[in-house]
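Colleague: Quick one: the structure is below, questions incoming.
Laboratory data are not the source of any read-out in this text; all were calculated from the coordinates shown. Just so we're clear, the structure is a prediction, and the values are computed from it rather than from any experiment. With ideal geometry, Cβ positions are generated from the backbone for all residues, glycine too; neighbour counts draw on all protein chains shown.
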Amino acid sequence: MTRVQKTVFILVALVALVLGLTVNQVLSNRGQGDPTAMIDAGIILLPTSRSIPDLKMTDQDGKTVSIDELKGKWTMLFFGYTFCPDICPTTLAQLRQIKSELPKEVLGKLQIVLVSVDPNRDTPQQLKQYLGYFDPSFMGLTAPVDVIAKLANAVSIPFIPADTSKPNYTVDHSGNLALLGPDGTQRGFIRSPLNDKKMVEQLPGLLVRE
């Protein structure tokens with residue numbers, strides 16, 4: 001093989017390699033959905049997943065639950081409380097509507113969890129009654145305020161603990177949701193206010209990834 005032939009052979013091999021990598025990248029992106037459409041729907045995925053602490057909390061049935069037990073499904077964590085006057089009922093009603101419009105084949109891959117930022121008033125019984133107004137399948141979690149703050153800070157959705165000595169106090173908190181993957185790591189955020197229509201369009205492609 002002459003030097004020219006060797007050079008041509010190397011160039012052809014390099015072109016084939018580049019084309020192969022490009023096609024593979026395109027196919028990979030296609031399987032992941034359109035990132036721009038996801039962002040437009042308010043679904044912001046992290047470039048790398050983030051580990052969160054395996055904390056112990058109490059669910060709406062009074063049972064001890066560890067955060068690690070949320071593994072196996074995609075989880076939307078919403079930090080709110082049952083005496084919330086506006087953001088919480090609106091968000092939970094939207095989540096109920098979004099869930100009702102998702103294809104049946106992906107419904108079992110998603111769970112929605114309300115983490116109370118008002119453990120002083122949100123007993124398990126209160127959480128269960130409140131969530132029942134929206135969707136009995138929604139999970140409610142409560143714990144001492146320092147445990148809740150640790151989880152909220154870990155997923156970058158902090159809140160300001162209330163002065164519980166004041167009558168009819170409110171709790172300052174975010175309307176954003178933390179998105180956890182089936183492996184229990186944080187995969188991203190869902191931006192508030194929720195866009196029902198766009199989320200229904202984009203969530204199925206996300207839920208079938210794993």
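Colleague: Which far-off residues, 5 or more places away or on another chain, put their amide H under 5 Å from the one on residue 192, with H placed in the peptide plane?
Modeller: 176, 177
Colleague: With just the Cα atoms defining each centre, how far is segment 151-185 from segment 84-100? Give it in Å.
Modeller: 16
Colleague: Continuing with this model, one more query. Extending each Cα 7 Å along its Cβ direction at residue 64 and residue 44, get the distance between those two points in nm, one decimal.
Modeller: With each label point 7 Å from Cα toward Cβ, the separation is 3.6 nm.
Colleague: Still on this model: Any idea how far apart residue 37 and residue 54 come out in nm if each label point goes 7 Å out from Cα toward Cβ?
Modeller: Each label point lies 7 Å from its Cα, and together they span 3.7 nm.
Colleague: Here is a follow-up. Ranked from highest to lowest mean number of other Cβ atoms within 10 Å per residue, what is the order of the peptides 186-194, 113-121?
Modeller: Ranking the peptides 186-194, 113-121 by packing returns 113-121, 186-194.
Colleague: On to the next question. Given H placed 1.01 Å from N in the peptide plane, which residues other than close sequence neighbours of residue 55 have an amide H under 5 Å from its amide H?
Modeller: 67, 68
Colleague: What list of ³J(HN,Hα) values in whole Hz, one per residue of segment 74-83 in order, does the Karplus curve 6.51 cos²θ - 1.76 cosθ + 1.60 (θ = phi - 60°) give from phi, with Gly and Pro shown as x?
Modeller: Along segment 74-83, the couplings run 6, 10, 9, 9, 10, 8, x, 7, 6, 8 Hz.
Colleague: Return the sequence-ordered ³J(HN,Hα) values of segment 199-210 in whole Hz as given by the Karplus equation 6.51 cos²θ - 1.76 cosθ + 1.60 applied to θ = phi - 60°, using x for Gly and Pro.
Modeller: Karplus-based 3J(HN,Hα) across segment 199-210 equals 5, 4, 6, 9, 4, x, x, 6, 5, 8, 5, 9 Hz.
Colleague: OK, next. Can you give the local net charge around residue 101? Use residues other than it whose beta-carbon is closer than 14 angstrom to its beta-carbon, Lys and Arg +1, Asp and Glu -1.
Modeller: Result for the neighbourhood of residue 101: +1.
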